[in-house]
Amino acid sequence: YVEAVMDAGLMRGYGDGSFGPQDAVTRAQVVTMLSRALDLTPVGDPPFADAAEIPEWARGHAAVLSDLDIVQGYPIDGDYHFRPDLVTTRAEAAAFLTRYLEERMVR
């Protein structure tokens, strides 16, 4: 499975060449994988108060998914934060996919 997702370009592993199959998956990683799986083009900077904390490789992916209302931020002190290092739960990943499918079914 690891080889398949890497061959498909959905995941690339860490900069040192390792993959970390048992590691928790962060929001930055999930939005990147989802955006790639949906063949979306990363765009600009996302509208989150903590956008500067989102790794460069995930920033455009977070932006395009935010533009499509698939990914939402966490309300903190009147602003919305992406929280890129937060571990993604299965429920949150399912919500991302559901929002994408609902958006596509409306079209």
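On the basis of being surrounded by 11 or more Cβ atoms within 10 Å (Cβ to Cβ), modelled with pLDDT under 90 and either touching a helix residue (DSSP H, G or I) at 6+ places or on another chain (Cβ under 9 Å) or more than 26 Å from Asp7 (Cα to Cα) (or both), does Leu97 make the cut? Here the answer is yes, as Leu97 does meet what is asked.
Over 14 Å from the mean Cα position of the chain (by Cα) and surrounded by 15 or more Cβ atoms within 10 Å (Cβ to Cβ): is that true of Asp79 in this structure? Write out each step before concluding.
On the way: over 14 Å from the mean Cα position of the chain (by Cα): yes; surrounded by 15 or more Cβ atoms within 10 Å (Cβ to Cβ): no.
The answer is no for Asp79.
Among the residues making up region 47-58, those that are open to solvent by 40 Å² or more (accessible area, probe 1.4 Å) and either out of contact with any Asp or Glu (no Cβ under 8 Å at 6 or more places or on another chain) or part of a helix (DSSP H, G or I) (or both) are Pro47, Ala52, Glu53, Glu56, Trp57.
Considering (1) among the aliphatic types (A, V, I, L, M); (2) surrounded by 17 or more Cβ atoms within 10 Å (Cβ to Cβ); (3) more than 28 Å from Tyr80 (Cα to Cα), the lone condition that Ala62 does not fulfil carries the number (3).
Out of the residues in region 26-46 that are over 14 Å from Arg12 (Cα atoms) and not hydrophobic (A, V, I, L, M, F, W, C), which is most open to solvent (accessible area, probe 1.4 Å)? Reasoning before the result, please.
As a first pass, look at region 26-46 and keep what is over 14 Å from Arg12 (Cα atoms): 26-27, 38-46.
With the extra rule that they be not hydrophobic (A, V, I, L, M, F, W, C), the set shrinks to 26-27, 39, 41-42, 44-46.
Details: Thr26: 29, Arg27: 2, Asp39: 132, Thr41: 99, Pro42: 65, Gly44: 62, Asp45: 117, Pro46: 10 Å².
Looking at the filtered set, the residue picked out is Asp39.
Filtering region 1-17 to residues that are open to solvent by less than 50 Å² (accessible area, probe 1.4 Å) and either closer than 12 Å to Val64 by Cβ or of a type outside the set (A, V, I, L, M, F, W, C) (or both) leaves Gly9, Gly13.
Under 7 Å between Cβ atoms, at least 6 apart or on separate chains: pull out the pairs that start in region 11-26 with a residue that is on the phi > 0 side of the Ramachandran plot and end on any residue that is loosely packed, with under 13 Cβ neighbours inside 10 Å and part of a loop (DSSP other than H, G, I, E, B). Cβ pairs passing all conditions: Gly20/Tyr14.
The values are calculated or read from the model by the stated rules, or taken from the named source; none is laboratory data. Note that the structure is predicted; figures quoted are calculated from it, not measured. With ideal geometry, Cβ positions are generated from the backbone for all residues, glycine too; neighbour counts draw on all protein chains shown. Heads up: the accessible areas ignore ligands, DNA and RNA and are worked out on the full protein's heavy atoms, side chains in. Shrake-Rupley method; radii C 1.70, N 1.55, O 1.52, S 1.80 Å.
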